[in-house]
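The next block holds one structure in the form of structure tokens; read it before the comments.
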Amino acid sequence: MEDSLKLLIDLHKRAKRQGPGGDNEITKILGLAQLTQDKQLNIVDIGCGTGSASIVLAKQLNAQITAVDFLPEFIQVLKDKAEKEGLSEKIDTLVCSMEDLPFSREEYDLIWSEGAIYNMGFEKGVNEWKQFLKPDGLLIVSEITWLTKERPYEIQKYWDSEYPEIDTASAKIGVLENAGYSPISYYYLPEYCWLDNYYRPMQKRFSGLLERHENSQGAQAVVEAEKKEIDLYERYKEYFSYGVYIAKKVL
Ligand SMILES: C[S@@+](CC[C@H](N)C(=O)[O-])C[C@H]1O[C@@H](n2cnc3c(N)ncnc32)[C@H](O)[C@@H]1O
């Protein structure tokens, strides 16, 4: 069977974003964090994908951005986009694991990470990345979050096996406090960020993926897994979303 990572890259590198989110949400989040163009900022976008956030941050802030992802294919798309938009000077790219970042202590004013920290785990990530923030620096991170205290068995079981660290916002805020951050704001992504901005465009790319891979078993398996995820989201969307956490380094 073809390498499923290669197939996933082929499906997702053609997308504007590799996870739920939205340009308007980024603007809202910057407002909640009270980030403006007044100050020159040093920012790192960890797990940047093809740069949905890096590009918006570069446009909206007075910032130098380092965009990090471990997939060179995504980084190349981001580089091409940045060049097209005249933003190459503001965005540096780095192919690197989020678990082995080569940064200096207190290098950044802002760590931004959307839909990516689960790859190393929220608790581990927020603890390890804190060293790279300046005193009073900001962490803005999104994380799969339960929206209710209880939920149906099917969706509980699915997330328990996919990402056992999923929890409620209050629990995630507790993790941030224990790691030495002061939580500033919590917000969760509304439905259109999942459906209109992420899943519907993905559904339109399924036929292209299948065609490029001559309907291979591997490509079919990738499409089926994505369809299952979409179906679960559509049926259980009131129970989970990406929570966006804004927190200041204090200790
Ligand atoms: C769900 S996507 C989100 C991408 C982007 N932030 C967005 O919202 O469109 C997760 C990203 O994390 C990257 N990633 C996964 N594991 C990683 C790791 N260990 N180190 C660096 N990047 C990683 C993936 O390549 C992917 O681009």
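The values are calculated or read from the model by the stated rules, or taken from the named source; none is laboratory data. In this text the structure is predicted, and so the values were computed from the model without any measurement. Every residue, glycine among them, receives a Cβ derived from its backbone with ideal geometry; neighbour counts consider all protein chains shown. Surface accessibility is based on the protein's heavy atoms, side chains included, excluding ligands, DNA and RNA. Shrake-Rupley method; radii C 1.70, N 1.55, O 1.52, S 1.80 Å.
Is it true that some residue in the stretch 142-156 is modelled with pLDDT of 95 or more, away from the ligand (no atom under 12 Å from the Cβ) and either among the small types (Gly, Ala, Ser) or within 23 Å of residue 62 (Cβ to Cβ) (or both)? Even if it seems obvious, please write down each step before you answer.
Taking the stretch 142-156 first, the residues modelled with pLDDT of 95 or more are 142-156.
If we keep only those that are away from the ligand (no atom under 12 Å from the Cβ) as well, we get 145-156.
From what's left, either among the small types (Gly, Ala, Ser) or within 23 Å of residue 62 (Cβ to Cβ) (or both): none.
No, because not a single residue in the stretch 142-156 is modelled with pLDDT of 95 or more, away from the ligand (no atom under 12 Å from the Cβ) and either among the small types (Gly, Ala, Ser) or within 23 Å of residue 62 (Cβ to Cβ) (or both).
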Practice item. All but one of (1) more than 22 Å from residue 24 (Cα to Cα); (2) of a type in the set (Ser, Thr, Tyr); (3) under 22 Å from the mean Cα position of the chain (by Cα) hold for residue 207, so report the exception by its number. Key: (3)
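Looking only at the stretch 50-59, count every residue that is open to solvent by 10 Å² or more (accessible area, probe 1.4 Å) and touching a strand residue (DSSP E or B) at 6+ places or on another chain (Cβ under 9 Å) and tell me the total.
Taking the stretch 50-59 and keeping what is open to solvent by 10 Å² or more (accessible area, probe 1.4 Å), we get 52, 55-56, 59.
In the following step, the residues that additionally are touching a strand residue (DSSP E or B) at 6+ places or on another chain (Cβ under 9 Å) were identified as 55.
Going through the stretch 50-59 one residue at a time, the tally reaches 1.
Does residue 97 qualify as being near the ligand (Cβ under 10 Å from one of its atoms) and crowded, with 22+ Cβ neighbours inside 10 Å?
Working: near the ligand (Cβ under 10 Å from one of its atoms): yes; crowded, with 22+ Cβ neighbours inside 10 Å: no.
No.
So that you can scan it fast, the table gives a plain yes or no per residue for (1) outside any loop (DSSP other than H, G, I, E, B); (2) within 10 Å of the ligand (Cβ to nearest atom); (3) among the hydrophobic types (A, V, I, L, M, F, W, C); (4) crowded, with 21+ Cβ neighbours inside 10 Å:
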| position | (1), (2), (3), (4) |
| --- | --- |
| 6 | yes, no, no, no |
| 10 | yes, no, no, no |
| 18 | no, yes, no, yes |
| 25 | yes, no, no, yes |
| 37 | no, no, no, no |
| 48 | no, yes, yes, yes |
Exercise for review: Using the structure shown, decide if residue 68 is open to solvent by less than 10 Å² (accessible area, probe 1.4 Å), near the ligand (Cβ under 9 Å from one of its atoms) and at pLDDT 95 or above.
Suggested key: yes
Exercise for review: Kindly establish whether residue 168 is in contact (Cβ under 8 Å) with a residue 24 or more places away in the chain, open to solvent by less than 70 Å² (accessible area, probe 1.4 Å), within 22 Å of the chain's Cα centre (by Cα) and under 16 Å from residue 123 (Cβ atoms).
Suggested key: no
Exercise for review: Go through the stretch 37-56 residue by residue and tally those that are closer than 18 Å to residue 139 by Cβ and touching a Leu at 6+ places or on another chain (Cβ under 8 Å).
Suggested key: 8
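What is the residue count in the stretch 171-191 for residues that are open to solvent by 70 Å² or more (accessible area, probe 1.4 Å) and either on the phi > 0 side of the Ramachandran plot or of a type in the set (S, T, N, Q) (or both)? Working first, answer last.
Taking the stretch 171-191 as the starting set, the residues that turn out to be open to solvent by 70 Å² or more (accessible area, probe 1.4 Å) are 177-178, 184, 186, 188, 191.
Subsequent filtering for residues that are either on the phi > 0 side of the Ramachandran plot or of a type in the set (S, T, N, Q) (or both) retains 178.
Result for the stretch 171-191: 1.
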